[in-house]
Amino acid sequence: MSAGQSDVASAGQIARTGFQESSRLSPLGWWLPERTISANDTASLRSLIGDLRQPVIAIRTASGIEAAIGGTGSYAAPTNGSGGTPIVAVLPAFLLSRLGDPGFRTDYGLRYAYLAGAMANGIASESIVEAMAKAGMLGFFGAAGLSLERVSAAIDRLQGSLRDLPHGFNLIHSPNESDHEAAVADLYIRRGVKLVEASAYLQLTPAIVRYRLHGILKLPDGRIHTPNRVIAKVSRIEVATRFFSPAPESILRELVELGQLTAEQAELAKHVPIAQDITAEADSGGHTDNRPAITLLPTLLACRDRMQVEHRYDIPLRVGLGGGIATPAGVAAAFAMGAAFVLTGSINQACVESGSSDLVRGMLAEAEQADVAMAPAADMFEMGVKVQVLKRGTMFAMRAGKLYELYRSSPSLEELPAAERSALEKNYFRASLDEIWRDTKSYFLKRDPKQVERAEAEPKHRMALVFRWYLGQSSRWANAGVADRKVDFQVWCGPAMGAFNEWTRGSFLQEASRRRVADVAMSLLYGAAVLSRQAQLKAQGVDWPREAFPTEPIEPASIAQVTRDDE
């Protein structure tokens, strides 16, 4: 038997199985088709199911479960021998804009419940944010690790190019640079930034609370209005609980004493959560706890429900899912589990609009799921916090790990073993450690002078800042595509990248130069919609061949021909 004959036999077997199962179900109605499509005709079924604008009627015939094309139907049983074929399943037309929580889309002015998360150092670039906004989605500029001047320039560009289109900026928890975190929050307040993605928070800080509550007031109808909104990215239930709670009393008192909130505003703050929406951050690139999405999302959904009841909010709390979102199956599963929205990260860095380099995009296009590793984080180095990075093609994870080992075992730069110091200067820094300290000192004198004061008083802290120089520069070398530093590239990346590359293999998205964030998003949403149709059919007892459900990437020019968006 040839391969083609085997496929037909398999399809026929599935069709017969579906016939046997559906024959035990009461018909939904009766249909008089103009013609039908056999379950063996997978090409025609693909065309029908893949056209989301069209409803699908599955009927039971003597040959099995077939798709009806044209005709009329009735809920009433046929009489007087008028005929009619039993309807066993019905699929309505499918709008991509109906995936996710409708309230979330309405509140943020989105067409699709799809977000591009912030990746630090401007990897989540202005171009990504603009492309997402113009496609009816939401993107966040990756402000973490950037100077106030660079972030201000991004605000200038995006407020000018997008105006009222939805967009946001990142505010990252910086326990070692709390003054800089506060300065970024102050910049957002002064510049009228109305939406931030809060990331890497271990606990609430005055900066994020002040941002959220700035301008809070009671409307004439009694509702409390908060002009600034926060979508928090979390992976722990205790952190989710803090964001779903009102601001802590201690921080409210501090803000009132500083004149940054009035007493009346502090009282209103007791009735609103710091974040109405959170993203459950599963196994992802960058800061991550490597949480499995299939357990993290239900846990945080339960937390949402508990906090909603406990605080009796007038607004609904919502949870989306990020981390591992890279295939139609992942998107469909997230929405099936109850995610209000999906958020992507690693795969956006591989797109042409990202603030990374072509060299990095090429590396990401070759990555497989196992090509990632955990490495010390630059911003929380002393705390032992780790980020997930690309392992293939770079020695960064190993070298960063070595730096942390030396930090733990040595009290100062001067007391490093001579052989270790020589290796660091030759292979890692390519300069003497004294030179690196001079550069680091100059940097922090502008960014956060308190770090220099502490470093000159505490040799251990000076060592940490020097080691963090390498961790910080490694990301910048990657973004700039410094070829002779490729071995030191720090490329934030999760296993989603490997799944994405497998899904795109052989398609137009396989080439790094053709990956654009909006095209990727639409293909993912389209594939998720097709898989949702497949699940709906199976739930009604119809199991057509897998080949009848197109989930591969779809060319931008083709997607408008099989989708509609009239909401």
Out of all the residues in region 288-322, which are more than 18 Å from the chain's Cα centre (by Cα) and closer than 20 Å to G117 by Cα? L317
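Would you please name the residue that is nearest to D101 (Cα to Cα), looking only at residues in region 261-303 that are small (G, A, S) and surrounded by fewer than 18 Cβ atoms within 10 Å (Cβ to Cβ)? Walk me through how you get there before you give the answer.
Initial filter on region 261-303 (small (G, A, S)): 263, 266, 269, 275, 280, 282, 284-286, 293, 302.
Restricting the remaining residues to those that are surrounded by fewer than 18 Cβ atoms within 10 Å (Cβ to Cβ) gives 263, 302.
Working: A263: 35, A302: 16 Å.
Taking the candidates together, the pick is A302.
Would you be able to say whether some residue in region 272-292 is out of contact with any Phe, Trp or Tyr (no Cβ under 6 Å at 6 or more places or on another chain) and assigned to a helix (DSSP H, G or I)?
no
With the structure loaded, tell me whether S174 is in contact (Cβ under 8 Å) with a residue 60 or more places away in the chain and within 30 Å of R454 (Cα to Cα) or whether it fails that test.
yes
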Of residues in region 516-550 being of a type outside the set (A, V, I, L, M, F, W, C) and assigned to a loop (DSSP other than H, G, I, E, B), the one surrounded by the most Cβ atoms within 10 Å (Cβ to Cβ): P545
Please determine whether any residue of region 416-425 is assigned to a loop (DSSP other than H, G, I, E, B) and either surrounded by 17 or more Cβ atoms within 10 Å (Cβ to Cβ) or touching a Lys or Arg at 6+ places or on another chain (Cβ under 9 Å) (or both). yes
Identify the residue in region 457-492 that is in a helix (DSSP H, G or I) and of a type in the set (S, T, N, Q) and, among all such residues, is farthest from D434 (Cα to Cα). N479
Mind listing whichever residues of region 428-440 are part of a helix (DSSP H, G or I) and free of Cβ contacts under 8 Å to residues at least 24 places away in the same chain? D434, E435, R438
Could you figure out which of (1) modelled with pLDDT under 95; (2) under 22 Å from G323 (Cβ atoms) isn't true of D566? (2)
Given the conditions (1) buried (at least 18 other Cβ atoms within 10 Å of the Cβ); (2) under 26 Å from A378 (Cβ atoms); (3) out of contact with any strand residue (DSSP E or B) (no Cβ under 7 Å at 6 or more places or on another chain), report the number of the one that F140 does not fulfil. (3)
Unique match (being touching a residue at least 60 places away in the same chain (Cβ under 8 Å), farther than 22 Å from R223 by Cα and out of contact with any Gly (no Cβ under 9 Å at 6 or more places or on another chain)) among L300, L296: L300
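To keep it simple, each residue is scored yes or no on (1) modelled with pLDDT of 95 or more; (2) buried (at least 17 other Cβ atoms within 10 Å of the Cβ); (3) assigned by TED's automatic domain parsing to the domain that holds E281.
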residue	(1), (2), (3)
G160	yes, no, yes
H173	yes, yes, yes
E177	no, yes, yes
E197	yes, yes, yes
Y201	yes, yes, yes
Y211	yes, yes, yes
G215	yes, no, yes
N228	yes, yes, yes
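Identify the residue in region 447-456 that is in a helix (DSSP H, G or I) and touching a residue at least 40 places away in the same chain (Cβ under 8 Å) and, among all such residues, is farthest from A400 (Cα to Cα).
The extreme case among them is K450.
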Exactly one of these conditions fails for Y404: (1) closer than 30 Å to G345 by Cα; (2) touching a helix residue (DSSP H, G or I) at 6+ places or on another chain (Cβ under 6 Å). Give me its number. (2)
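The values are calculated or read from the model by the stated rules, or taken from the named source; none is laboratory data. This one's a predicted model, so the numbers in the text were calculated from it and none came from an experiment. Glycine gets a Cβ as well: all are built from the backbone with ideal geometry, and neighbour counts include every protein chain shown.
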